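The values are calculated or read from the model by the stated rules, or taken from the named source; none is laboratory data. On a predicted model such as this, the values are computed, not experimentally measured, just so you know. Please note: Cβ atoms are built from the backbone with ideal geometry, for glycine as well, and neighbour counts cover all protein chains shown.
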Amino acid sequence: MGFWSAVLLPLLLCLLLFIGFFVKSEHLVNTPPMMLWLQFAGAILGIMGLLLLPMLIIFIAYSVNNIEHKNDTWKTLFSLPISKMSVYAAKYFYAFFLVFFCLALFVLFTLGFGNLLSVLKPGLKFNEYNIASLLTQLYFKFFLASLGILSIQFLLSLLFRDFLKPMGIGFVCTITGSILASNNWDYAYLFPYSHPMMAMRALQQAKHGSAGATVPQITVEMFTKDTWVSLAIAIIVFVAGYFIVLKRSVK
Amino acid sequence: MVISTKDLTFTFGNQTVVKSLSLQVPEGSIYGFLGPNGAGKTTTIKLLLNLLKTQEGSIHIFDQELQSNRISILSQIGSLIEQPAIYLHLSGRENLLNRALLLQIPESRVEEMLKLVHLTDAAYKKAGQYSLGMKQRLGIALALLSDPKLLILDEPTNGLDPNGIIEVRELLIRLVTEHKKTVFISSHLLAEIERMATHVGIINHGELLFQGSIKDLEALSQPLVQIETDRTVDAANFLNKNNITVADVNDHHLYVPYTSKENMGEINTLLNQNGYTIYSINKQQKDLEKLFLAITQNA
């Protein structure tokens, strides 16, 4: 279930955007290609940091652990001659892979549908600007920003069987993180749930940098303070989670 | 001893669920672990599988200490705890293949196991659609997949019809006699345990009230000779006069404490020679159920 939702989400969202742009193409015909791409990709990127990415992570972390909770198979997994580290790490890296895969699909579908649009509606000049490298960098930054949240949500879903607790905690933290980040609190970079929002700053730079210039330079600063904190938290919580699993009794 | 625990104690919060349990499970035995609900059976099994951390006491399996040799011990154990834990969204066959992949067991073994538990026909159906009995059989197949030396089964005949129960019983007996495995089985079905166990451990409120071979248990129960005759009361009085104590008399039978086969024969001869017609005479075991109730209620 987790796997298919990781595939369907990017597909459906990009498709929706494609249809939207297709229908409204007359309004957009004279927009310069780069702006066109930024509008197209930006529609999703905008919501990504705010809500989409944290929710995606909460859901993936939940579904990966829920298979075992639902089927009551934790006890069988831990009674097999497999080290507890292997079980824990395998599940974690599957969730890790799913998030990566989902974001990669967003890149692919955005590029794919954008180019499809320019083929179907020659007035939309998507094909005159290649946003692939910028998009990839942006999404990668989002990915790095998400790792802190992933570790925390994974641990919560491991410890709590129901959906509400990890979801509730994750949701409240997401809102808090968004508020802290958008209000430019000095220490927002230390709170993992602010990181996607802060990754969006890179996009803001991109958007503002291009206003007015004909061939503007857009760079994405990959390893900012918040990215480092996200990675650090990811590693710390992963290790802490392992020790908790080790000590805990399996119900 | 395949399983040997010493003074095993486990507490959940304030409640001591297992108290100073010293199990001795011999190799090649079918050890029946009996107890009422809440006695501590499943907790003991979880301790044996290292699903719960040992708090007090020690556990040795295959003469190795459990905590320090976890993986090598677990690789030789097959277990079934409570309801079989199977992935409902996968088919029966896929469940077995998944386990085989995890444990690096060849695929051919999966087919063997399906045949053994008679699930070959339903192998491709989603496990979520299986009946309770089929799920139970799949659970047993999963436990046997790695060809373990020790089988720990928590109520494996739960939900099986009489045919299923007999099949499991015969399978377990075969595994022990032909394949030299050891089976540790917890159950409520006293009649079943009586028919297949070689050793028995009775637990209540976390304490082991009895442990020993099934013969020892039977000896504990003071067997009786049950005699059906044409004149029951007269026969009873006659026996009393001849210094044979009569344990009980009712409308249909009279009961004399059993000492030996020869003695039973002598009583038969005595009554026959004195004109009493014996319709039936046999040794009656106090059945395991009454014995079990007696042991658990007296504790």
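Assorted remarks:
- Filtered by the rule that a residue be part of a helix (DSSP H, G or I) and in contact (Cβ under 8 Å) with a residue 24 or more places away in the chain, segment B:215-244 gives B:LEU217, B:GLU218, B:LEU220, B:ASP234, B:ALA235, B:PHE238, B:LEU239.
- Looking only at residues of segment B:35-47 that are assigned to a helix (DSSP H, G or I) and not charged (D, E, K, R), we find that the one that is farthest from the other protein chains (Cβ to nearest Cβ) is B:THR44.
- The set of residues in segment B:48-100 being among the aromatic types (Phe, Trp, Tyr) and either free of Cβ contacts under 8 Å to residues at least 60 places away in the same chain or within 9 Å of another protein chain (Cβ to nearest Cβ) (or both) consists of B:TYR87 alone.
- Look at (1) among the hydrophobic types (A, V, I, L, M, F, W, C); (2) touching a Gly at 6+ places or on another chain (Cβ under 9 Å); (3) assigned to a strand (DSSP E or B) and you find that B:ILE59 fails only one, number (2).
- Within segment B:190-214, the residues that satisfy the criterion of being closer than 26 Å to B:LEU8 by Cα and surrounded by fewer than 18 Cβ atoms within 10 Å (Cβ to Cβ) are B:THR198, B:HIS205, B:GLU207, B:LEU209, B:GLY212, B:SER213.
- All positions within segment B:222-244 that are surrounded by fewer than 14 Cβ atoms within 10 Å (Cβ to Cβ) and modelled with pLDDT under 85: B:GLN222
- Of all residues in segment A:75-84 being facing chain B (nearest Cβ under 8 Å) and assigned to a helix (DSSP H, G or I), the one that is surrounded by the most Cβ atoms within 10 Å (Cβ to Cβ): A:THR76
- Residue within segment B:134-143 that is surrounded by 19 or more Cβ atoms within 10 Å (Cβ to Cβ), of a type in the set (Val, Ile, Thr) and under 18 Å from A:LEU77 (Cα atoms) present: yes
- Failed condition for B:THR120, given (1) within 14 Å of chain A (Cβ to nearest Cβ); (2) of a type in the set (S, T, N, Q); (3) in contact with a helix residue (DSSP H, G or I) (Cβ under 9 Å, 6 or more places away or on another chain): (1)
- Residue ID - surrounded by the fewest Cβ atoms within 10 Å (Cβ to Cβ), chosen from residues in segment A:168-183 that are over 16 Å from A:LEU52 (Cβ atoms) and of a type in the set (A, V, I, L, M): A:VAL172
- Flag for B:THR296 being among the β-branched types (Val, Ile, Thr), modelled with pLDDT under 90 and surrounded by 15 or more Cβ atoms within 10 Å (Cβ to Cβ): yes
Listed here are the residues, each with its yes/no results for (1) small (Gly, Ala, Ser); (2) surrounded by fewer than 20 Cβ atoms within 10 Å (Cβ to Cβ); (3) within 14 Å of chain B (Cβ to nearest Cβ).
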position: A:HIS27; (1), (2), (3): no, yes, no
position: A:PRO33; (1), (2), (3): no, yes, no
position: A:GLN39; (1), (2), (3): no, yes, no
position: A:ILE44; (1), (2), (3): no, yes, no
position: A:MET48; (1), (2), (3): no, no, no
position: A:PRO54; (1), (2), (3): no, no, no
position: A:ILE58; (1), (2), (3): no, no, no
position: A:ASN66; (1), (2), (3): no, yes, yes
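- Scanning segment B:101-117 for residues being within 12 Å of chain A (Cβ to nearest Cβ) and small (Gly, Ala, Ser) gives a total of 0.
Per-residue answers, yes or no, for (1) part of a loop (DSSP other than H, G, I, E, B); (2) modelled with pLDDT under 60:
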site: A:ILE175; (1), (2): no, no
site: A:MET198; (1), (2): no, no
site: A:LYS207; (1), (2): no, yes
site: A:VAL220; (1), (2): yes, no
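- Condition met for A:VAL87 (in a helix (DSSP H, G or I) and within 14 Å of chain B (Cβ to nearest Cβ)): yes
- Evaluation of A:ALA213 against (1) within 29 Å of A:LEU17 (Cβ to Cβ); (2) modelled with pLDDT of 85 or more (one fails), failing number: (2)
- Odd one out for B:GLY32 among (1) without any contact (Cβ under 8 Å) to a residue 24 or more places away in the chain; (2) of a type in the set (Gly, Ala, Ser); (3) within 25 Å of B:ILE140 (Cβ to Cβ); (4) away from every other protein chain (no Cβ under 12 Å): (1)
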